[in-house]
Each structure stands twice: as C-alpha cells, then as structure tokens.
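The values are calculated or read from the model by the stated rules, or taken from the named source; none is laboratory data. Just so you know, these numbers come straight off a predicted model, no measurement behind them. For neighbour counting, all protein chains shown are included, and Cβ atoms are generated from backbone atoms with ideal geometry for every residue, glycine included. Just so you know, the surface numbers come from the protein's heavy atoms only, side chains and all, with ligands and any DNA or RNA stripped out. Shrake-Rupley method; radii C 1.70, N 1.55, O 1.52, S 1.80 Å.
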Amino acid sequence: MALLLNEDEKMLQESAQGFFTEKAPVKQLRELRDTQDETGYSKPLWAEMAEMGFASVLVPEEYGGVDMGFMAAGLISEEMGRNLTASPFLSTAVLAAQALKSHANDEQKNTYFPQICSGETTFAVAVDETNKHNPSGISLMAAASGNGFKLHGKKTMVVDGHTADQLLVVAKTENGTTVFIVPKDAKGLEIERTIMADSRNAARITFDNVEVTGEQVLGLVGEGDDILDSVLNAGRAILAAEMLGASSQVAENTNSYLRERKQFGRIIGEFQALQHRASHLYCELELARSAVYAALTALDKSGDDVGNVVGMAKAKLGSVAKLAALEAVQLHGGMGMTDELDVGLYLKRIRVTQELLGDSDYHLENSAKGKGY
Amino acid sequence: MEEFRKETRAWLEENCPPKMREPLRNEKDACWGGRNWVFQSEDQKIWLERMAAKGWTAPSWPKEYGGGGLTRAEAKVLQQEMNAIGARSPLHSFGIWMLGPALLKFGSEEQRLRYLPEICRGEIRWCQGYSEPNAGSDLASLATKAEDKGDHFLVNGQKVWTSYADQADWIFCLVRTDNTGKKHHGISFVLFDMESDGVSTKPILLISGRSPFCETFFEDVKVPKENLVGELDKGWSIAKYLLTHEREMIGDYGEVKPLSQIIAENCYTPNPILRAKIAEFEVDAWAFAQTMSRMVMEAKAGASLGAKSSMLKYYGTELNKRRYELMMDLAGHDGLEWESERSNDGQLARSWLRTKGNSIEGGTSEIQLNIISKHILQLPGA
C-alpha cells in the first residue's frame, strides 16, 4: 500500500498548495458570503482550475483529461480543505466524472468529458431525499412513458445543484435504480437554492413528471446501484481528503494561537492541560492522514475491499475533523466564537462535510455489518 | 528475492517442528533462553538451535555477531514465511530487542563480539535496569551510584520494574557516575552479571496475580570498567535511543485477532451500544495499523521517526487498553473466571489487567503527550 507520496505527487501537492493559497484563500469564501454571490463560488477560479487540469484530474486522457487518479484528486481536495475553497470540484470533477467514467456510453463520454475538462459545464449529483444520507432508500420514481421516462419526486442536499448545468439524478425504475442526465432547464424541474451553514450551496429540487428520453439514461437502465457505489466511494474519499486539509489547518491555527496568547503572565501553550489536548489531536490527525491515503490508494488500485476501506476512512475523518474543529473553538477561547477569526468557518465547513455522503455513524454501521456483527 | 523466498520456505518447512507452528498456549510456551532456561519440550530446543545456527534469531544483524546478515527486504520475507506457517518466534529476548541495537550503535567492537553472539544463541538472558523508586517518569533523576574504584565501579542502589530480573543472567543498567551537574549528565550505561556478589531481586506481585517485574537491589557490586558502554557520564543518549526503540515496540502489538472475529467465533451478540463502541474501535485500530505501516515506510525512506515514536506508543497502548476493555465487555461472566481450566487460568482477565501497565511502562501516556507538545508542536515549556 502506497502510504507515502511519490515525486509526482509531491510536485502536484506543492503546485496545488501554491495555487489555492494564492488564488482561493479563506478570504475569498468570506467575500462570496458577504457579497451574497449568486453562484456561491468564483467562476474565474473554476476556469483557472480547469486550465490547471484540476477539473479533469479523473477524466481519461483520450477525452482530454489529465487522468492522474484518486491520490492526485485527494491532494487537490486536501489543499482546498485547508483554504476552505468553494468550487464545483467535488460535484463535477469527482462525482460526475466518476459516474461518466465508470458507466457512460461512448457518446455521453464524447459529449460531456470535454465540457468538464474545459470547465464550461458543471454537474450536480442528486441522490439524497431526506435529512440523512440514505442511498439505498431512493423513492424518486422514474415511470416508463412512451420511449422514455417521467421523473417524479424530490431531492435534497444536491451539492452545487443551484448552478449546475446538468443533473445526474438517481431514480427508482421498475428493476432497481437508474441514473438519468437531466439538463437544468428541463420542464417540470423546480430548483431551490439552499445556502448552507458553511456559506456553500446546495439545492432542493422538485421533479414534477419531468420527461426524459432513453438517451438520457447514464449507462443502462437498472445499473444505478453500481453507479452509485462507484460514485459514492469516490466522493467519500475525496471529502475525507478535504476534511483532512480543513482539520489539519484549523489545528495548526490553534497551535499557533497556543504559542502566542498570554494569560497569567505566561504563554498559554505552557499549560499542560492545553498541551495534552493539542498533542492528542495531533495523534488523531496522523491516523486520519493514514486513513485518507489508504482510501485513495484503495480507489486507485480498485481492489475488492474499496467500499469498506473508504467507509472506514470517512468514519474516522468524521470524528477527527469534528474534534479538531471543537478543540479549535475551545482553545481559542472567546476569540473562537467571533466571526473575525476563521475558526468558525472551519467548524461550519467541517460540520457539512461530516454529514455529506454519510456521517460517521452511517459508515460505522456499514462497517460493522460488513464484518458480520 | 523470489529465489530467497523459495529457499526460506523450503528450509522452514523442513526445519520448523510441527509443534512449533501451534499458537502459544501460555507464557511458558514462549522461549526466553538463558543459563537457567528449562525447555518446555525437545521441539522448543531444536527450533531455537536451528534458527540460531542460521543467524535467524536476529535476522538483520551482521553475521559476524551471530545474526543472519539479511537485508530488510529479506528479513521481511522471512517474517512473512514464518507467519504463513504460524511458526513461533524461536527466542524472546531483551538482548535482541533492546541491548543489541544499543551495542550495535554505541558499543565497542570488543563488546559486540563478546555479547551479541551469545544473545543470538539464546545463552544469556538480559534484563533492563532503568526505573528506580524515585525515578519513574522523571527517569533522569536516577540515583543508583557507581563509584570509580580504579579498575572497577562500585555500584549501590535500587532498581524497580525490572522485567524478569529474577530469571535474567545479566543486566544493562543506568547508573549515576557524576551528580555535580545537570541531571541528564553523569548517567552511565553499564553491563554486569546478575550473579555478581551484592545483587538481589524480589518479584513484585501485580494485580494480574503474576510477577513479571522485580525490585532489584545492588549492594557494593563490583563492575569491571570494560563493562561501560559508550562514554562515561554520557549514557543518557543511549537510554533515550533505547527508550525510543522500546516505544515503537510497545505500541506495536503485531497482528491481533479482530474483535469481529472474536464475536463470530464465540457467537456473541453484543447489544447495540457495545456494538457501536466496537465498530468505533475497529476503525481506530485500522487507522492505527495504517499509521504504523506509513511510519515504517517513512523510516525506510530515510526519515527519522523521532518524536513520532511517542505518538505510536501513546496511541498504540491506549488502543490496546480499549481493546481489552471491549473483550471483557464481550466475554461478560466468562471473562471473570480467574482459576479454571476452561478459562486457561483466567487468561483473559489477567491479560486485561496486564494491559493497564501498557500506558505506564516505557514512559506514561502523559509523558508521551509532553514529548509531542515540546518536540513536534513546539509548544513552550512550563
């Protein structure tokens, strides 16, 4: 198992580090929030990410992508996590790209991959319907109608769904589940932007007998569960990498604060009660890093155990990132409660990533079941 | 490497007695060697002799010191092939695990040639004299005195928590040779025979009902000058080196049976709350195992682990304590039996109690967190 970065990966990490610190630092998220930006992310930034090859990191070379694999995608995601960068990377470059790569037909690949690579088209994947992630409980119906289908039902927490040009919609069909590619302007579609606690965006989407043709089926009818498996594993690992970045950064901010802040005439980092909390967190973050690397490597090697490994990584990051965020607020004292510091922004983003594509409880439950108890 | 694997497999197949491929049933099944060792069986003796003849009790040590002279990769293959047939370790030895690495790094050529081969052959059993009644976590304040008497040191004082001192032949010991400067200065690392006049031991009965540790007393013990390892007064660097080494080892419990397997084998049905704790534990254990592998890779790539060994020690031992708490929870009434054949003389309960020491020995969890704060997080000292 490759738990160390090779030279190429180190170079990519450095370039991503430089890129996001310069082009999309936390300040950018504040601006997007404070100006109530319509898109919720910087379009020029996404165009530059496309130029850098970040948007096409999972797209095969024959379709114009850089096809660097999951470890690379994870390193990019980690740097975005450090900077709280808002972008359609997860929804378009990871979830949609993976869905297309694993199951789309040639025509769909020829149509959509170049659009992803250039950054001109963004996607959103519509899976969840209730307050908790539950991909095995899809109830949005796709009823056969003529040569096509009619989609009826609701989706919620569709990340970047308010700006996406195309939606990948998971629906229940007669035999199992099926994924449909639905353009944002389809008739009967109602998209409501939901601004979330982390100042990022999602959408609640209502489908009122939206008509789709057979050509809009991604892959084959009834293949939805396989597509979901592949898409969700990719998304969870990339989210875990983002959580690693966010939690590492907020822990570093906290340690800096412990080295500067004075009370009782001493630097507060001298107090053992605080030192031990910071050191325990450091250990947890090392475990978190190993878990993320193991998950990304498993995806790149696509072994049998991918789902289990990725699930364990998402479970671990759920609890470690949460710990990092909570310790950050507490150890910053009153300052941690202010909007002036970035700590709160990390707490909020981490809370959202904890929930996305299954929280720790969800993945622990799966892991226990998978091991037969 | 495939050729080496093939040869190794064939050699093990031919030379490892079938009985030595069975899991250890109790402590006596682990062979510790030494002058007074009574082999549990002829197989145990043969297995040690054959492995020692190959130099495979210390596979990666140089051949001239009784080791196998294997490269890291070859040593790994050997371990894999032994695991594959369930071969027992031929020799448990503080000489191999602890003193050897220190002598290889700090010892003189003469000392290496004298002590290492007999360690590899399992002829001399060593113990470690570090902690004292008033020098536990604050190890550097140790006071066992070694006075310069010309051709020898005269050692007086007391050690505590000396593992298996009552069964050991020799001791590697930290003594104070100068108390005029800072406490880290003036500590020396010496070796001597436990049969020397003035050495006595007294086992300490633990909560597990067993006595793996002793108090060790020194009264006018004569230690020849040539038994000093490294420089006089500079033994602290050897002690630290060994502690780091020990910490990496304590944190690593090797391949242990997953709790899920224990549940399946015993048909346990944990209630939902226990089940949730187990699921959480298993994810942590997995992430820790990944971290161990990552650290091994980093070390191989040439990066020194340094204070990260404190992370492994801290997390590994806390994890092991959690594991045994969960095993006790799972076993319920069965786990409480203390003296019965069915429970293998309270194996689980006694092991559970033994694990409580994991986060104390080799530097407490709190000391490890101090080290991380200081050396990794660069937090200021109090």
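For A:Tyr112, the requirement of being more than 30 Å from A:Leu345 (Cα to Cα), buried (at least 19 other Cβ atoms within 10 Å of the Cβ), of a type in the set (Ser, Thr, Tyr) and at pLDDT 95 or above is met.
Yes/no matrix, rows are residues, columns are (1) within 30 Å of B:Leu154 (Cβ to Cβ); (2) assigned to a helix (DSSP H, G or I); (3) more than 10 Å from chain A (Cβ to nearest Cβ); (4) touching a residue at least 60 places away in the same chain (Cβ under 8 Å):
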residue	(1), (2), (3), (4)
B:Glu231	yes, no, yes, no
B:Ile262	no, yes, no, yes
B:Val283	no, yes, no, no
B:Gly302	no, no, yes, no
B:Leu312	no, yes, no, yes
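Determine whether region A:345-355 contains at least one residue that is more than 21 Å from A:Leu29 (Cβ to Cβ) and in a helix (DSSP H, G or I). Checking region A:345-355: not a single residue is more than 21 Å from A:Leu29 (Cβ to Cβ) and in a helix (DSSP H, G or I). Regarding region A:302-324, can at least one residue be identified that is of a type in the set (Asp, Glu) and either in contact (Cβ under 8 Å) with a residue 60 or more places away in the chain or not assigned by TED's automatic domain parsing to the domain that holds A:Glu252 (or both)? Checked against the condition, which is being of a type in the set (Asp, Glu) and either in contact (Cβ under 8 Å) with a residue 60 or more places away in the chain or not assigned by TED's automatic domain parsing to the domain that holds A:Glu252 (or both), region A:302-324 yields no hits at all.
Check B:Glu337, B:Glu341, B:Glu366 and return the single one that is among the acidic types (Asp, Glu) and either within 14 Å of chain A (Cβ to nearest Cβ) or under 19 Å from the mean Cα position of the chain (by Cα) (or both).
B:Glu366
For A:Ala315, the test of being touching a helix residue (DSSP H, G or I) at 6+ places or on another chain (Cβ under 9 Å) and at the interface with chain B (Cβ under 9 Å from one of its Cβ atoms) is passed. Residues that are out of contact with any His (no Cβ under 8 Å at 6 or more places or on another chain), farther than 30 Å from A:Glu270 by Cα, buried (at least 23 other Cβ atoms within 10 Å of the Cβ) and not β-branched (Val, Ile, Thr) occur in region A:171-191; there is at least one. The criterion of being open to solvent by 60 Å² or more (accessible area, probe 1.4 Å) and either part of a helix (DSSP H, G or I) or farther than 28 Å from A:Asp198 by Cβ (or both) does not hold for A:Asn134.
Results for (1) open to solvent by less than 40 Å² (accessible area, probe 1.4 Å); (2) small (Gly, Ala, Ser); (3) assigned by TED's automatic domain parsing to the domain that holds A:Ala72, shown as yes or no for each residue.
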residue	(1), (2), (3)
A:Ser248	yes, yes, no
A:Thr254	yes, no, no
A:Leu258	yes, no, no
A:Arg261	no, no, no
A:Leu281	yes, no, no
A:Leu296	yes, no, no
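A Cβ distance below 8 Å, combined with a sequence gap of six or more or placement on separate chains, defines the contacts here; from region A:45-66, residues that are of a type in the set (Ser, Thr, Tyr) reach residues that are open to solvent by less than 40 Å² (accessible area, probe 1.4 Å) and part of a loop (DSSP other than H, G, I, E, B) in the pairs A:Ser56/A:Gly65. Answer yes or no as to whether B:Met328 is out of contact with any strand residue (DSSP E or B) (no Cβ under 7 Å at 6 or more places or on another chain) and within 13 Å of chain A (Cβ to nearest Cβ). The answer is no for B:Met328. Looking across region B:136-161, the residues that are under 22 Å from B:Trp97 (Cβ atoms) and open to solvent by less than 50 Å² (accessible area, probe 1.4 Å) come down to B:Gly136, B:Leu139, B:Leu142, B:Lys159, B:Val160.
Residue pairs whose Cβ atoms lie under 7 Å apart, separated by 6 or more positions or on different chains, with the first residue in region B:12-34 and within 15 Å of B:Leu48 (Cβ to Cβ) and the second modelled with pLDDT under 95 and open to solvent by 70 Å² or more (accessible area, probe 1.4 Å), are B:Lys28/B:Gln40; B:Asp29/B:Gln40; B:Ala30/B:Leu24.
Just checking: which of the helices (runs of 4 or more DSSP H) contained wholly in region B:1-97 hold 3 or more residues that are open to solvent by less than 10 Å² (accessible area, probe 1.4 Å) and closer than 18 Å to B:Gly122 by Cβ?
Ranges flagged: B:42-54.
Within the option set B:Ile238, B:Ile273, being of a type in the set (A, V, I, L, M), open to solvent by 50 Å² or more (accessible area, probe 1.4 Å) and part of a helix (DSSP H, G or I) holds for one residue only, B:Ile273. Residues considered: A:Leu326, A:Leu317. Of these, the only one that is aliphatic (A, V, I, L, M) and over 14 Å from A:Asn253 (Cα atoms) is A:Leu317. Applying the condition of being farther than 18 Å from B:Leu319 by Cβ and more than 7 Å from every other protein chain (Cβ to nearest Cβ) to region B:285-300 and asking which residue is most open to solvent (accessible area, probe 1.4 Å) yields B:Lys300. A Cβ distance below 7 Å, combined with a sequence gap of six or more or placement on separate chains, defines the contacts here; from region B:91-114, residues that are within 18 Å of B:Tyr164 (Cα to Cα) reach residues that are open to solvent by 50 Å² or more (accessible area, probe 1.4 Å) and assigned to a helix (DSSP H, G or I) in the pairs B:Trp97/B:Met249; B:Met98/B:His245.
Evaluate the following for A:Arg289: is it surrounded by fewer than 19 Cβ atoms within 10 Å (Cβ to Cβ), without any contact (Cβ under 8 Å) to a residue 60 or more places away in the chain and within 14 Å of chain B (Cβ to nearest Cβ)? So A:Arg289 does not fit the description; no.
In this entry, A:Met312 passes the filter for residues that are open to solvent by less than 50 Å² (accessible area, probe 1.4 Å) and part of a helix (DSSP H, G or I). Checking the stated criteria, B:Ile207 turns out not to satisfy the condition of being in contact with a Phe, Trp or Tyr (Cβ under 9 Å, 6 or more places away or on another chain) and either buried (at least 17 other Cβ atoms within 10 Å of the Cβ) or in a loop (DSSP other than H, G, I, E, B) (or both).
Determine whether region A:223-239 contains at least one residue that is open to solvent by 20 Å² or more (accessible area, probe 1.4 Å) and not in a helix (DSSP H, G or I).
Yes, region A:223-239 contains a residue that is open to solvent by 20 Å² or more (accessible area, probe 1.4 Å) and not in a helix (DSSP H, G or I).
Pairs under 7 Å by beta carbon, first residue open to solvent by 20 Å² or more (accessible area, probe 1.4 Å) in region A:325-347, partner basic (Lys, Arg), six or more apart or different chains? Hits for this filter: A:Glu327/A:Arg277.
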